[in-house]
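Input: a single structure, listed below in structure tokens.
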Amino acid sequence: MPCPPSTESMTMRNDLTIYDKVAANWWSDDIRWVRTLKNLVPGRLAWMDRQIDWAGKNVLDLGCAGGFMAEALAERGARVTGIDPASEAIAAARAHAAQIGHEIRYDVGMGEDLPYVDAAFDAVVCVDVLEHVQDLPRVLAEVARVLRPGGLFLFDTINRNPLARLATITVAEDILRLLPRGTHDPDMFIKPSELRDALRAAGLEPGRFTGLGPRGMNRRLDLTFGPLPLTAILYMGSARKVQP
């Protein structure tokens, strides 16, 4: 008698429909996993702010979803463009930006085929995205194309190892439900050494990598996040477009 399929085998992995499904409530703070994404922004910026002065910079938020990072960058004085394939999330981002007076351009599109001219941006920010894309080398090549010479690429992603799988799939998705089950496919996680090689192949010179993870809890008992010394699970990094 054949064994029944495991719960994981029945779960759709790398499910990107989740962002459109909750678009109407993106800015409501009613959905715990969406609050988790929002709570990650200050932790990311605690490190990224040390890498760049955002004021006056043309910045692309690649994979912006409903606009948490894009609005934070606009508040720092950047001229922000956000792009994401989730059209309903983009609509929510546009509506919220208009409501509070942020001048942010939002586009629907894919990282593999960015609808921007060469050298359009001083910086590209890409958080919680690289582990979801279908063609990582092409996405990185597009990032390099739209960056100005010397421009900065800032990102975070998930390491590929048993500990990262345990933390992000078993604990975060299946037990704590910090993210919907099926958000990630652990086979698409990226080792730092692999990402460094892919960045160099795209014409981007890697800089420092650092960890990212829980640092405490807020009054709602949601996790708060910040930089960590270990890159075993989540890690952030930077790379610069090589000067001609």
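Could you tally the net charge around Gly56, taking each other residue with its Cβ under 14 Å from the Cβ of Gly56, Lys/Arg +1 and Asp/Glu -1? In short, 0. For the range 7-241, the residue among Leu212, Ala167, Ala144 whose Cα projects farthest onto the positive side of the dipole built from Cβ charges is Leu212.
The stretch between Arg177 and Glu112 holds 20.4 nm of extra length on full extension. This uses 0.36 nm per residue minus the Cα-Cα distance.
Computed over the chain, the quotient of the alpha carbon radius of gyration and 2.2 N^0.38 Å is 0.98. Note on the chain: lysine pairs with Cα distance below 28 Å, sequence gap of 8 or more or different chains, count 5.
Could you tell me which of rounded, prolate or oblate describes the range 34-106, using a ≥ b ≥ c as the square roots of the eigenvalues of the alpha-carbon gyration tensor, with rounded for a/c under 1.5 and, failing that, prolate when a/b is larger than b/c and oblate otherwise? The shape class here is oblate. Near Ala78: Cβ cut-off under 13 Å, other residues only, Lys/Arg at +1 and Asp/Glu at -1. The net charge is -3.
The alpha carbon gyration tensor of the range 175-220 gives principal lengths a ≥ b ≥ c with a/c of 1.5 or higher and a/b no greater than b/c, which makes the shape oblate.
Laboratory data are not the source of any read-out in this text; all were calculated from the coordinates shown. Note that the coordinates shown come from a computational prediction; the quantities given were computed from them, not determined experimentally. Heads up, the Cβs are rebuilt from the backbone with ideal geometry, glycines too, and the neighbour counts pull from every protein chain shown.
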